[in-house]
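Q: Before we start, here is the structure in question, set down as structure tokens.
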């Protein structure tokens with residue numbers, strides 16, 4: 001779903017019917033860049049290199065991440081809007097139930 005007011009040249013998660021005239025208008029009028037790929041297309045060519053390089057980096061602690069917690073269904077909506085607007089700083093995690101923590 002696209003934000004009602006995307007910034008020029010914005011990036012967004014995209015879940016639309018491309019033949020919808022309203023969505024096509026948003027894409028064209030805001031000059032959005034839509035890029036897609038399927039990992040399986042290049043997996044065979046790079047899988048050995050991936051495991052050799054990234055296993056070492058994971059073990060060494062090279063990758064660091066932080067999470068931004070959103071609670072409930074209202075939090076899920078805010079998380080998606082924050083991603084679309086670029087307002088999130090960390091990996092968004094939506095918690096629907098306290099037992100999920």
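Q: Would you check if there is a residue in region 70-79 being at pLDDT 90 or above and either touching a helix residue (DSSP H, G or I) at 6+ places or on another chain (Cβ under 6 Å) or not in a helix (DSSP H, G or I) (or both)?
A: Yes, there is a match, as at least one residue in region 70-79 is at pLDDT 90 or above and either touching a helix residue (DSSP H, G or I) at 6+ places or on another chain (Cβ under 6 Å) or not in a helix (DSSP H, G or I) (or both).
Q: Confirm whether residue 85 is more than 29 Å from residue 99 (Cα to Cα), surrounded by 11 or more Cβ atoms within 10 Å (Cβ to Cβ) and touching a residue at least 12 places away in the same chain (Cβ under 8 Å). Explain how you work it out, then say what you get.
A: On the way: more than 29 Å from residue 99 (Cα to Cα): yes; surrounded by 11 or more Cβ atoms within 10 Å (Cβ to Cβ): yes; touching a residue at least 12 places away in the same chain (Cβ under 8 Å): yes.
Yes.
The values are calculated or read from the model by the stated rules, or taken from the named source; none is laboratory data. Note that this is a predicted model, so its numbers are computed, not measured. With ideal geometry, Cβ positions are generated from the backbone for all residues, glycine too; neighbour counts draw on all protein chains shown.
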